[in-house]
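The values are calculated or read from the model by the stated rules, or taken from the named source; none is laboratory data. Keep in mind the model is a prediction, meaning the values are calculated, not measured. Note: ideal-geometry Cβ built from the backbone for every residue, glycine included; neighbour counts use all protein chains shown. Accessible surface is based on the protein model in full, side chains and every heavy atom, while ligands, DNA and RNA are left aside. Shrake-Rupley method; radii C 1.70, N 1.55, O 1.52, S 1.80 Å.
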Amino acid sequence: RWQDRYAKRAALMALAGPVANILLVIASGLFLYVGLRNGLFVPTYDAFGLVTAAADTGLDALAQVLSIVFVLNLILAVFNLFPFPPLDGSTAIGLVLPDEVNRKLQGFVRSPSAMFIGILLAWNLFGPVFEPILALAANVLYP
């Protein structure tokens, strides 16, 4: 049926944003890793700063921008992959569901009450889910 094909395409398109975020995390992470390995950056672990510039390198702005790009895109990727409406994960989950179940789910997730509940769930669950992911990412970066 055309509706099932459309639903599968929509599920794939829903992954475009999180995949782009993950690619930006990888790209900025590579720059951070190279900078850490070569002594241009030193590790600092706070809200948006994974690194600072090593003394006398003059790379303070670059260190801060790369840290922010890394952390913000990691936040967006993780948040949007939550399987709650209206986030992308609620559409992307259709890739693994049978067509009939996906049709019913997509009908439900378009309702305002489902969206409200989804945002509340994502808001409350984000911290406990994201903190270990950020810690893991920082441990991969730091030599």
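Go through the stretch 86-143 and count every residue that is more than 30 Å from LEU36 (Cα to Cα) and of a type outside the set (Val, Ile, Thr). Steps first, please.
Keep residues of the stretch 86-143 that are more than 30 Å from LEU36 (Cα to Cα), which gives 86-125.
Of the ones still in play, those that are also of a type outside the set (Val, Ile, Thr) are 86-90, 92, 94-95, 97-100, 102-108, 110-116, 118, 120-125.
Selection size over the stretch 86-143: 33.
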Which of the following residues is under 30 Å from THR52 (Cα atoms), open to solvent by less than 50 Å² (accessible area, probe 1.4 Å) and touching a Phe, Trp or Tyr at 6+ places or on another chain (Cβ under 7 Å): PHE126, PHE130? PHE126
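Can you tell me which residue in the stretch 108-123 is nearest to LEU76 (Cα to Cα), limited to those that are of a type outside the set (Val, Ile, Thr), open to solvent by less than 50 Å² (accessible area, probe 1.4 Å) and in a helix (DSSP H, G or I)? Spell out how you get there, then give the answer.
Filtering the stretch 108-123 for residues of a type outside the set (Val, Ile, Thr) gives 108, 110-116, 118, 120-123.
Remaining after also requiring open to solvent by less than 50 Å² (accessible area, probe 1.4 Å): 111, 114, 118, 122.
From what is left, the residues that are in a helix (DSSP H, G or I) are 114, 118, 122.
Values: ALA114: 21, GLY118: 16, ALA122: 12 Å.
Checking each candidate, the answer is ALA122.
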If you check VAL71, VAL65, VAL19, which single one turns out to be part of a helix (DSSP H, G or I), of a type in the set (Val, Ile, Thr), out of contact with any Asp or Glu (no Cβ under 8 Å at 6 or more places or on another chain) and buried (at least 17 other Cβ atoms within 10 Å of the Cβ)? VAL71
From the list THR44, THR52, pick out the single residue that is more than 26 Å from PHE126 (Cα to Cα), open to solvent by 30 Å² or more (accessible area, probe 1.4 Å) and touching a strand residue (DSSP E or B) at 6+ places or on another chain (Cβ under 7 Å). THR52
